[in-house]
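The values are calculated or read from the model by the stated rules, or taken from the named source; none is laboratory data. The model shown is predicted, which means the values in this text are computed figures rather than measured ones. Backbone-built Cβ (ideal geometry, glycine too); neighbour counts: all protein chains shown. Heads up: the accessible areas ignore ligands, DNA and RNA and are worked out on the full protein's heavy atoms, side chains in. Shrake-Rupley method; radii C 1.70, N 1.55, O 1.52, S 1.80 Å.
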Amino acid sequence: MAIDARTPEEMYDRLAEKLGDLVPEFELREKARLAFEINRLKERRGAIILGHNYMEPALYLSVPDIVGDSLELARQAARTRKDPIVFCGVRFMAETAKILNPDRTVLLPAERAGCSLAESITAEDVRELRRRYPGVPVVTYINTYADVKAECDICCTSSNAAAVVESLDSDVVIFLPDEFLASNVARETGRRIVFPTKTPRAEAGKDPELEYAIVGWKGRCEVHEQFTVEDVRRVREQFPDVVVLAHPECSPEVVAAADFSGSTSAMIRFVREHDAPRYLLLTECSMADNIAAETPGREMVRLCSVRCPHMAEITLEDTLAALEHDRYRIEVPEDVRVRALRALERMLEVAGRKTLTPSGRA
Ligand code: 13P
Ligand code: SF4
């Protein structure tokens, strides 16, 4: 829940309680001033701010009405009646909010906040895969742009990927575009993983390779692909009591070397619900700061050389400018939107059936 402060000084005091040991005083005072302005303007405009778990700590703690992982934020975007919706996350997330809310203004504070997974595949790639594997259902990770979602049957996020694949009741499933997430889901659902090659492939049902399989794509998250089993080994050697949590966008080897794997919110819940003294989070580094601010007394071992440059584009300055100047407006062509909406709605239906627990703070 956003911090409801009556003055910039009160905002500073509230932030300093949590971040006093992490952020230098002069910087925190400036951030508190910006956060106070944002919340005032948000109130005046009747806006809502949705914030992904990767937002930097001062922003994460002060201005979003709801924080969460991709699935929770998509659900909240589907529910909200507020207008405008300011999305403190990356473009595919803001696009998802727009697909669900065509009549409302959706603002992304930084124009260039992309994602290496979303960039790894085009709508034409999906059409080509459909020609190659006729009749095989296509699942897309939510980390794709609207035109790609429009070509797919159903979306998934890191918190429901295996459930979505299993909901399809098909031995062969195309799963796009994250190579590692697809491999992790294949392992979880007991399937083999195959990747399209240049040589023609026999149809599903006639090719033994495709008997009980996931057909993947070679997209990768530029952050999570960098974590290695050697990183895990070294940290365990130095801190034998460390608990290792890995996002499922990490390689299957890294996930196997970890103690737990789940979405960003699942990792946060894990730390809240366990009382180990130390955790290593194999994901965007800001999230470790956010958890540390919330759960003092637990040590977060950080590998902060690995950052998401796209998430880092979203600052308090740009969030204020977004509300002041209505920028940057997200638009999705209507013919694309209605087809992408089908894939999103099917996912939300499966997520509802599985009663995945939302953990947004509001
Ligand atoms: P979550 O849905 O787990 O928050 O993941 C989003 C993402 O982009 C991770 O890199
Ligand atoms: Fe995309 Fe990776 Fe950044 Fe998430 S962390 S937004 S998957 S590049």
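Got a number for residues in segment 4-38 being open to solvent by 20 Å² or more (accessible area, probe 1.4 Å), touching a Ser or Thr at 6+ places or on another chain (Cβ under 8 Å) and either closer than 25 Å to residue 83 by Cβ or modelled with pLDDT under 95 (or both)?
Summing the residues that are open to solvent by 20 Å² or more (accessible area, probe 1.4 Å), touching a Ser or Thr at 6+ places or on another chain (Cβ under 8 Å) and either closer than 25 Å to residue 83 by Cβ or modelled with pLDDT under 95 (or both) in segment 4-38 gives 1.
Being among the aromatic types (Phe, Trp, Tyr) and open to solvent by 10 Å² or more (accessible area, probe 1.4 Å) is the filter; apply it to segment 132-186 and report the residue that is nearest to ligand 1 (Cβ to nearest atom).
Among residues in segment 132-186 that are among the aromatic types (Phe, Trp, Tyr) and open to solvent by 10 Å² or more (accessible area, probe 1.4 Å), the one nearest to ligand 1 (Cβ to nearest atom) is 180.
Any chance segment 322-343 includes a residue that's under 18 Å from residue 158 (Cα atoms) and crowded, with 22+ Cβ neighbours inside 10 Å?
Yes, some residue in segment 322-343 is under 18 Å from residue 158 (Cα atoms) and crowded, with 22+ Cβ neighbours inside 10 Å.
Can you spot a residue in segment 103-123 that is of a type outside the set (Lys, Arg), touching an Asp or Glu at 6+ places or on another chain (Cβ under 7 Å), within 16 Å of ligand 1 (Cβ to nearest atom) and open to solvent by 20 Å² or more (accessible area, probe 1.4 Å)?
yes
Cβ-Cβ below 8 Å, separation at least six or inter-chain, first residue in segment 175-196 and small (Gly, Ala, Ser), second open to solvent by 30 Å² or more (accessible area, probe 1.4 Å): which pairs?
Within 8 Å, the pairs are 182/193; 182/217; 183/193; 186/192; 186/193; 190/212.
In the set 26, 87, 36, which member is of a type in the set (A, V, I, L, M, F, W, C) and under 11 Å from residue 316 (Cβ atoms)?
Step by step, each of 26, 87, 36 is checked, and only 36 is of a type in the set (A, V, I, L, M, F, W, C) and under 11 Å from residue 316 (Cβ atoms).
Does residue 286 satisfy being within 16 Å of ligand 2 (Cβ to nearest atom), out of contact with any Lys or Arg (no Cβ under 6 Å at 6 or more places or on another chain) and at pLDDT below 95?
When the stated conditions are applied, residue 286 passes them.
Any idea which residue in segment 59-84 is farthest from residue 351 (Cα to Cα), counting only those that are away from ligand 2 (no atom under 16 Å from the Cβ) and crowded, with 24+ Cβ neighbours inside 10 Å?
This residue is 62.
Can you find a residue in segment 190-197 that is in contact with a Lys or Arg (Cβ under 8 Å, 6 or more places away or on another chain) and part of a helix (DSSP H, G or I)?
no
How many residues are within 16 Å of ligand 1 (Cβ to nearest atom), open to solvent by 50 Å² or more (accessible area, probe 1.4 Å) and either aromatic (Phe, Trp, Tyr) or not in a loop (DSSP other than H, G, I, E, B) (or both) when one looks only at segment 203-252?
2
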